[in-house]
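A short worksheet on the structure shown next.
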Amino acid sequence: MKNLLAIDIGNTNITAGIFKGKKLVGKAKIPSKAYSSYARDIKALVKRSRLTVEDLSGIIISSVAPLSLARLVAELHKIPINAPMVILGKDRVVPIKNLYRIKKEVGQDRLVNAYAAKMLYGTPAVVIDFGTAITFDLISKKGDYLGGLILPGIELSLSGLYKGTALLPKVELKEAPSIIGRDTVNSMRGGILFGFGAMSDGLVLRYRDILGKGIKVIATGGNSRLIKKYARSIQKTDEDLTLKGLYLVASRL
């Protein structure tokens, strides 16, 4: 596809990317609740990519937020963008064998990430997405999507400490200087970052027993670069994994 608009709608942010051929030439993050800015921000992204909306040859969307999806589609029609649109899970399925017991329950973004990992990094693989929620997704040596885990995200957990206690302060997520916190703020940061890093390493160790020693471990999502310093098992950080996966799916349509 010549000029593709790829959009991943999450619970917190919408991530949009423009591909010219295989190359990701521009991307933007739009707060999912900022309905009034959808059209403006998409048009700005297209312009920054040195295109017009008429130049777009296709749109592909994955979503875990139905209301935001409906609003976005309405805004795209208002712009108007008249390129053919594919909504994963509705118009097409991700081309990976899905072994989830209740297939419709798995988020399209998780399947897209699994497919991207399979195509770009090989199998078997574990994808860890550090977003609003943290997801672990497993891809077998045969390239099948096996399932995984869902946990509270890093910032959600840090916010929960502040909201659920009487004396702990509201803390900005930054690097933790030591695994031994010497004040409350750094004890909280260290607890979150070293804790989630150790959790990631521990789960990957267990997944090696299931998938084999040659597994690839790929981290993605907004906090992936930060957590990589605390999780030794992460081999590759690819913040654009979902957008790349959407491109790969679209290229097969």
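Observations
- Volume per residue that the Cα convex hull of segment 54-105 spans, once the total is divided by residue count, Å³: 77
- Selection from 169, 15, 214, by position along the positive dipole direction of the chain (Cβ): 214
- Relative to the Cα centre, the charge distribution of the chain, modelled as +1 at Lys and Arg Cβ and -1 at Asp and Glu Cβ, gives a dipole magnitude of about 500 debye.
- For residue 163, the aspartates and glutamates whose Cα comes closer than 18 Å to its Cα, not counting residues fewer than 8 places off in the same chain, are 155, 172.
- Coordinate range of the alpha-carbon atoms in segment 19-164 per principal axis, descending: 44, 41, 26 Å.
- Fraction of accessible area attributable to carbon and sulfur, the chain (%, probe 1.4 Å): 53
- Placing pseudo-labels 7 Å out from each Cα toward the beta carbon at residue 213 and residue 36 gives an inter-label distance of 5.9 nm.
- Residue (of 205, 249, 237) at the positive-pole extreme of segment 186-253, dipole from beta-carbon charges: 205
- Build a GNM of the chain with springs between Cα atoms under 10 Å apart, and of 150, 215, 192 the one that fluctuates most is 150.
- Taking Cα centre as origin and charging only the Cβ of basic (Lys, Arg, +1) and acidic (Asp, Glu, -1) residues, the dipole magnitude of segment 23-76 rounds to 280 debye.
- Between the listed residues 127, 63, 95, the Cα displaced farthest toward the positive end of the dipole of the chain, a dipole computed from Cβ unit charges relative to the Cα centre, is found at 95.
- Solvent-accessible area of residue 216, all protein chains in place: 70 Å² (probe radius 1.4 Å, heavy atoms, ligands and nucleic acids excluded).
- Neighbours of residue 178 by Cβ distance under 14 Å: Lys/Arg scored +1, Asp/Glu scored -1, total +2.
- Counting every C-alpha pair in the chain, the share spaced more than 26 angstrom apart comes to 43%.
- Take the Cα of residue 150, go 7 Å toward its beta carbon, and the backbone nitrogen atoms of segment 1-27 under 13 Å from that spot belong to 11.
- Summary: within the chain, the longest segment free of GluC sites (Glu not before Pro) located in DSSP loops with at most 11 other C-beta atoms within 10 Å is 1-171.
- Relative contact order, percent, segment 1-76 [alpha-carbon distance under 8 Å, six or more residues apart]: 37
- Over every Cα atom in segment 201-253, the radius of gyration and the widest Cα-Cα span, Dmax, amount to 13.3, 39 Å.
- Look at the alpha carbon pairs under 8 Å that are at least 6 residues apart: their mean separation over the length of the chain gives a relative contact order of 17 percent.
- A 1.4 Å probe run over the chain, with the rest of the protein chains in place, finds 51 Å² accessible per residue.
- From helices alone, the chain scores -11500 deg cm²/dmol at 222 nm; the rule is -39500 (n - 2.57) for each run of n ≥ 4 DSSP H residues, then divide by the residue total.
The values are calculated or read from the model by the stated rules, or taken from the named source; none is laboratory data. The structure displayed is predicted, hence computed values, not measured ones. Methodologically, a virtual Cβ is constructed for each residue, glycine included, from the backbone with ideal geometry; neighbour enumeration extends over all protein chains shown. Side chains are part of the model used for accessible areas, which takes the heavy atoms of the whole protein and leaves out ligands, DNA and RNA. Shrake-Rupley method; radii C 1.70, N 1.55, O 1.52, S 1.80 Å.
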